[in-house]
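Comments concern the structure below.
The values are calculated or read from the model by the stated rules, or taken from the named source; none is laboratory data. From a predicted model like this one, the values you see are computed outputs, not experimental measurements. Here the Cβ positions follow ideal geometry from the backbone for every residue, glycine too, while neighbour counts run over all protein chains shown. Accessible surface is based on the protein model in full, side chains and every heavy atom, while ligands, DNA and RNA are left aside. Shrake-Rupley method; radii C 1.70, N 1.55, O 1.52, S 1.80 Å.
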Amino acid sequence: MPIYRYLRNHRILLVIIFAISIGGQVCENIGYIYQGNALQSIIKLDLNAFIRFGLTEVVLMLIYFVSSGANSIVQSGLKQVMDNEIRNDISAKMESISFEKFHSNNSSVYTSWLTNDINQINSSGFSAFFTNMSSVVMIVVSAATLATVSYTYLVTLIIGGLLIYFAPFFFKKIQQRSSERVASTNSEFTSVVNDSFEGFNSLYSLNALHIIGQRIIASAQNVKKVNVRNSIIGGSVNLAINLVSLFCQLAILGQTGWLVYQHQVNVGALFSSITVASGVFNGLIMLSYNSSTIRGVLPIFTKFDQFISNQSGHELTTLPSDNTVKIENLTYHYPNGTEHILNQFTYTFQSGGKYAVIGESGRGKSTLLNILTGRLTGYEGSVMIGGIEYRTIDPLTLTKKIVYLDQDPYIFDDTLRFNLTIGREISDEMLMEVLKETQLESWLAGLSEGLNTKLTQHGDNLSGGQRQRIALARGLLGHPAILLLDEGTSALNPVMANAIEQMLIHRKEMTLIMITHHLRPELAETLDDVVAL
Ligand SMILES: Nc1ncnc2c1ncn2[C@@H]1O[C@H](COP(=O)(O)OP(=O)(O)OP(=O)(O)O)[C@@H](O)[C@H]1O
C-alpha cells in the first residue's frame, strides 16, 4: 500500500511509538485488574486492600494517560514530516513534467492535490494507521489479559474479531467509489473558487460580482452532497460493525456469567473481564473502520502515480551548436479542436536570423511558436534544430536554448531581483546592464528599495509595458540562442518598442522570431525576413 512507502522511512520512530503504545496499554489493562481487585476487596469489606488496589489503579492509569499524550505528540510531528515528503515527491516530478501534461489539468487541480488531498491522506491515511497500531496493541494486550482469567474467552474473541474485521469488506467497492467522488468534487470546488476569483476584474466591469457567490455556492452544494453521501456510507459500515460488536459483547457477558455461576471467577474478575473485553471489541471496531478508511485514500495515490509515471520518453538532453530551425510540412491540430492549423507549413529560420511572423488572428502564429519552443508536441511533419528532429529531444532541454515570451508574462509575488534571476546566480552588474537594455533603468532608479522592491503576483503594481520588459529582461539573462517573442513589445510606445527591438536585432548570435500585429516599416527594413501565415 502506498502510504507504507512513507511510513517505512521512519522505522525507528514507529518502533518507539509501538513500544510506548504497548507500555501504556499494559498499564491500562493491569489497572482494570486492580480495579476488579479493589471491587472484590470492598465486597469482602477489606478497606485497606480496597485503598491499596484503588491507588495502584490510579497510578497505572496516569502512566497510561501520559504515554498516550506523548504518543500523539510524536505522531503529529511524524505526520507533518510525511505530508511534506509527499509534497516533495510531487514537486520533484513537476520539475520534469512536459508542458502539455501540466496543462492537461487546471493549475488549481495541483493546488487541491497539495492541500485537500494531502490533508485527506494525513487524516484518513496516516492518522488511521496510528490508530490501527494502538488498536492492534489494545486487542493483543486485552486478549492476553482475558486469557489469564480464562482461556475460553479466546474462542469468542477470535470468532467475534473475524466477524468485526471482515464486515466492512462487503462495503469495500462502494466506499472506494465514494471516496474517489469526494476527492474529485473537492478538486472541482477548488477549481471553481479559483476561476471565479481570477475572473474578478471582468465580473467587476460587467457589474456581475454576484456571479462569484453563485458559482461558489452551487459548487459547494455538490461538495456537501457527496460528503453527506460519503458519511451515510461510512455510518452504515459503522452501524454494521457496532451490531456485530454488540452481539460479541453479549456473548462475553454470557460466558463470564457462566464462569461466575460455575465459581471459576469472582465478581471482581467478572467486572475487569467485561471492561477488558469491551477494549478488545473497541479495538477491533477501530481496526476495521480505520482499515477501510486507509483503503479510501488509495485512489489519491493511484491518481498521483498515474500522473507522475506518464512522462515523455525523450532521450536527447544535449543539443548541437547549430541553431538553424528547419520546418517541413508542419500541420497541427489541438487535441480538443477540429481545424488543422499551419497546413503543411514549410520554412527555415537561419541561425542568428531576425524574423517577424505576421498573419490574421487565428492563423496559428502563437501555435507555431509553441511548437518551436517544444511546448506542443503532437504535430505532423517535421521540425528540426541543427538537423535533429524535435520529437527525439527532451522538451525541457529545448528551453535551455530557446526562450519563449508569451503574451501574458507571469510576475511572481516576490522581489524584482527574484523576478529577474528566478533563483539563478546573476551579479548585480549584469542585472543593471539588462535593465538598461530593456529601458527599465530610469524606472528602477525611482524604486526606493531598488532590486529588492517587492512586486505583486501577476504584476498588479506594474504597467503592462513594465511587465513585458521585466519578462524580456529575465529571458535575456538566460542568454538564449533563440528568442521567441509573442507580441513582446505590444504594450510599449513606438519609441520604446523601436529601441528595444533594435537592441534585440543587434544581438548578432541570437535568432529572433517575433510575432507582431503592427509591423512598423522601420522594423521590417532591419529584419532578414517577414513570414506571413
Ligand atoms: N489550447 C487550444 N485549444 C484548442 N484550440 C486552440 C488552442 N489555442 C489556440 N487554438 C485555436 O488555434 C487556432 C490558432 O490559434 P493561435 O493562437 O495560434 O492563432 P494566432 O495567429 O496566434 O492568433 P492571435 O493573433 O489572435 O494571437 C485558433 O483557431 C484557435 O482558436
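Selection of helices (runs of 4 or more DSSP H) fully inside segment 18-118 by the criterion of at least 2 residues being of a type in the set (S, T, N, Q) and either surrounded by 14 or more Cβ atoms within 10 Å (Cβ to Cβ) or over 24 Å from the mean Cα position of the chain (by Cα) (or both) returns 47-94, 107-112. As a summary of the residue check, residue 154 satisfies the conditions (1) surrounded by fewer than 22 Cβ atoms within 10 Å (Cβ to Cβ); (2) aliphatic (A, V, I, L, M); (3) more than 18 Å from residue 253 (Cα to Cα) except for the one numbered (3). Name, by its number, the condition in (1) out of contact with any Phe, Trp or Tyr (no Cβ under 9 Å at 6 or more places or on another chain); (2) of a type in the set (Phe, Trp, Tyr); (3) in contact (Cβ under 8 Å) with a residue 24 or more places away in the chain that does not hold for residue 6. (1) is the only condition that residue 6 fails. Residues in segment 505-526 that are within 16 Å of the ligand (Cβ to nearest atom) and at pLDDT below 90 were compared, and the one that is nearest to residue 482 (Cα to Cα) is 516. Put simply, of 162, 157, 146 the only residue that is without any contact (Cβ under 8 Å) to a residue 40 or more places away in the chain and more than 29 Å from the chain's Cα centre (by Cα) is 162. In the set (1) touching a residue at least 40 places away in the same chain (Cβ under 8 Å); (2) closer than 22 Å to residue 475 by Cβ; (3) charged (D, E, K, R), the condition left unmet by residue 326 is number (2).
Looking at residue 420, is it among the hydrophobic types (A, V, I, L, M, F, W, C), away from the ligand (no atom under 16 Å from the Cβ), open to solvent by less than 30 Å² (accessible area, probe 1.4 Å) and farther than 30 Å from residue 329 by Cβ? It is true that residue 420 is among the hydrophobic types (A, V, I, L, M, F, W, C), away from the ligand (no atom under 16 Å from the Cβ), open to solvent by less than 30 Å² (accessible area, probe 1.4 Å) and farther than 30 Å from residue 329 by Cβ.
Taken together, 147, 167, 208, 183 contain a single residue that is more than 22 Å from residue 293 (Cβ to Cβ) and part of a helix (DSSP H, G or I), which is 147. Here residue 453 meets the list (1) β-branched (Val, Ile, Thr); (2) under 32 Å from the mean Cα position of the chain (by Cα); (3) within 27 Å of residue 371 (Cα to Cα) almost entirely, failing just condition (3).
For every residue, the table says whether it meets (1) over 33 Å from the mean Cα position of the chain (by Cα); (2) within 30 Å of residue 197 (Cβ to Cβ); (3) free of Cβ contacts under 8 Å to residues at least 60 places away in the same chain.
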residue: 435; (1), (2), (3): yes, no, yes
residue: 441; (1), (2), (3): yes, no, yes
residue: 448; (1), (2), (3): yes, no, yes
residue: 465; (1), (2), (3): yes, yes, yes
residue: 480; (1), (2), (3): no, no, no
residue: 497; (1), (2), (3): yes, no, yes
residue: 501; (1), (2), (3): yes, no, yes
residue: 532; (1), (2), (3): yes, no, no
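Each row is one residue, and each column tells you yes or no for (1) surrounded by 13 or more Cβ atoms within 10 Å (Cβ to Cβ); (2) closer than 15 Å to residue 479 by Cβ; (3) modelled with pLDDT of 90 or more.
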{"position": "425", "(1), (2), (3)": "no, yes, no"}
{"position": "428", "(1), (2), (3)": "no, no, yes"}
{"position": "431", "(1), (2), (3)": "yes, yes, yes"}
{"position": "438", "(1), (2), (3)": "yes, yes, yes"}
{"position": "442", "(1), (2), (3)": "no, no, no"}
{"position": "448", "(1), (2), (3)": "no, no, no"}
{"position": "457", "(1), (2), (3)": "no, no, no"}
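Among the listed residues 469, 363, identify the single one that is part of a helix (DSSP H, G or I), open to solvent by 20 Å² or more (accessible area, probe 1.4 Å), of a type in the set (D, E, K, R) and at pLDDT 85 or above. Break it down into steps so the answer makes sense when it comes.
Numbers: 363 fails: part of a helix (DSSP H, G or I).
Criteria check complete, one pass: 469.
Among the residues of segment 367-401 satisfying the criterion of being assigned to a helix (DSSP H, G or I) and at pLDDT 90 or above, which is nearest to the chain's Cα centre (by Cα)? Looking at residues that are assigned to a helix (DSSP H, G or I) and at pLDDT 90 or above, I get 370. Residues in segment 372-388 include none that are without any contact (Cβ under 8 Å) to a residue 40 or more places away in the chain and open to solvent by 20 Å² or more (accessible area, probe 1.4 Å).
Entry remark, segment 325-360: residues being open to solvent by 30 Å² or more (accessible area, probe 1.4 Å), closer than 22 Å to residue 527 by Cα and either part of a loop (DSSP other than H, G, I, E, B) or near the ligand (Cβ under 8 Å from one of its atoms) (or both) number 3 in total.
Criterion first (open to solvent by 60 Å² or more (accessible area, probe 1.4 Å), within 16 Å of the ligand (Cβ to nearest atom) and outside any strand (DSSP E or B)) does residue 479 satisfy it? So residue 479 fails the test. Residues of segment 249-267 include none that is assigned to a helix (DSSP H, G or I), open to solvent by less than 30 Å² (accessible area, probe 1.4 Å), closer than 30 Å to residue 122 by Cβ and in contact (Cβ under 8 Å) with a residue 24 or more places away in the chain.
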